[in-house]
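Report on one structure; see the data block that follows.
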Amino acid sequence: MEKLSTGRLSHLYMTIFLHNFSTFMVIPAITDVTMTALCPGRDECSIAIYLTGFQQAIVGLGTLVMMPLVGNLSDKCGRKALLTVPMIFTIIPLGILAYSRTRNFFYVYYVAKTLTAMVCEGSVHCLALAYVADNVPEVRRASTFGILSGISSSAFVCGTLFTRFVSTPSTFQVATSVAVVAVIRPKHCLQYLDLIALLKTSPTISQAAIVAFFSNLADVGLHASILYYLKARFHFNKDQFADLMVISGVASTISQLVLMPLLAPVLGEERLLSIGLLFSWAHMFLYGIAWSFWVPYAAAMFSIFFVFAQPCMRSIVSKQVGSSEQGKAQGCISGICSFANVISPLAFSPLTALFLSERAPFNFPGFSIVCIGFAAMIAFIQSVMIKAAPPISSEPVSSNCNHTEP
């Protein structure tokens, strides 16, 4: 396997940074935009929670189909060609809110975001992982995946920090412009029997798939609920959301760029995966029982550890297949994560809306967040069962779909 040149790798890092910068910087502002459009003047809005949950369910259903397809197509058509498609689609919803954030334009954005996210959600990250795995030796793969995640985290920090000091209209205008620059910079049919064969061939991939499902179930549930929970519980606004995200982003960036390259060779991906998932559960539980406005800030610091989970899981999976099937393997895991994206909002959004409303059966606003944390705990328990397995990269997965009649 040839080593990826530093120049080409830097080119990929810059592309991922710009793309993530444009998508992350709108997150602190979107809650206020949504509630202003749907429930002006209020800090609690059940319809906003339900619409967000419905959107994530539809997006998850779409990406459940699209992610394995994108991964498999990238094995045949090339990573770069497929990478351009979701990056172009990302521009559309950002441009709508950059133009106007009135109720009618919000609904147009909502539909466009739902449709485009069915293709875009997670596909850029998946293709970048497959591209790196094609060219980076196995012994360096975990650290390189960590660096790639660190680049994403640094984009998260820069994007949310930028949002902290600009107006809401400027946020969406800049995000649209950066998304365009990200696209300009980087100049078959899906066979599901292949994916089933992949899971059957490697018990390690099957275990990682279970971890991926439950960890993503928890992550998506938290992301769909936490901002509305903090707004209703402690009256957080755009600036406080940005502050919270900057704290989390700085901690995770330092962790992925400094700690993970040092710890991965010593502890191994399996142990780091378990450590990350344990702290993921802990920070969700702490959010759920938050008794004061400063507790979420303390919980955000846990990101220095829970960011280990995703790159370690992806590295474990990448070592189980050959270089010609990296897209298929990463697409398989991304597809399973997308299935969790369907289930999570359907399960947790109504629960969050109920406990933030006056109809709550008992006074525990963070009850849904605690329930979300149990999914992270299941992922942690499963991760402990993953044992270091010898890579089978020299033996590509085969299935009857690839056989031809004589």
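Summary table
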{"item": "Answer residue from the stretch 166-187, given it is within 23 Å of the chain's Cα centre (by Cα) and of a type in the set (Val, Ile, Thr) and is modelled with the lowest pLDDT among those", "result": "Val183"}
{"item": "Residue, nearest to Asn20 (Cα to Cα), within the stretch 73-87, restricted to residues that are modelled with pLDDT under 80 and not aliphatic (A, V, I, L, M)", "result": "Thr84"}
{"item": "Single residue of the stretch 303-356 satisfying the filter (hydroxyl-bearing (Ser, Thr, Tyr) and over 20 Å from Leu272 (Cβ atoms)) that is surrounded by the most Cβ atoms within 10 Å (Cβ to Cβ)", "result": "Thr352"}
{"item": "Selected residue (only one of Cys39, Cys77, Cys45 is surrounded by 20 or more Cβ atoms within 10 Å (Cβ to Cβ) and not β-branched (Val, Ile, Thr))", "result": "Cys45"}
{"item": "Residue match in the stretch 342-358 (condition: in contact with a Phe, Trp or Tyr (Cβ under 6 Å, 6 or more places away or on another chain), closer than 30 Å to Leu82 by Cα, of a type outside the set (S, T, N, Q) and at pLDDT below 85)", "result": "no"}
{"item": "Residue match in the stretch 376-387 (condition: of a type in the set (A, V, I, L, M), at pLDDT below 80 and over 25 Å from Phe214 (Cα atoms))", "result": "no"}
{"item": "Number of positions in the stretch 156-174 that are among the small types (Gly, Ala, Ser) and surrounded by 24 or more Cβ atoms within 10 Å (Cβ to Cβ)", "result": "1"}
{"item": "Within the stretch 275-327, tally of residues that are out of contact with any Lys or Arg (no Cβ under 9 Å at 6 or more places or on another chain), of a type in the set (Val, Ile, Thr) and either modelled with pLDDT under 85 or within 22 Å of Phe145 (Cα to Cα) (or both)", "result": "5"}
{"item": "Residue pairs meeting the criteria (Cβ under 6 Å; at least 6 apart or on separate chains; first more than 16 Å from Asp219 (Cβ to Cβ), in the stretch 48-77; second surrounded by 24 or more Cβ atoms within 10 Å (Cβ to Cβ) and aromatic (Phe, Trp, Tyr))", "result": "Ile49/Tyr228"}
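The values are calculated or read from the model by the stated rules, or taken from the named source; none is laboratory data. None of these values were measured; they are calculated from a predicted model. So basically every Cβ, Gly included, is an ideal-geometry build from the backbone, and we count neighbours across all protein chains shown.
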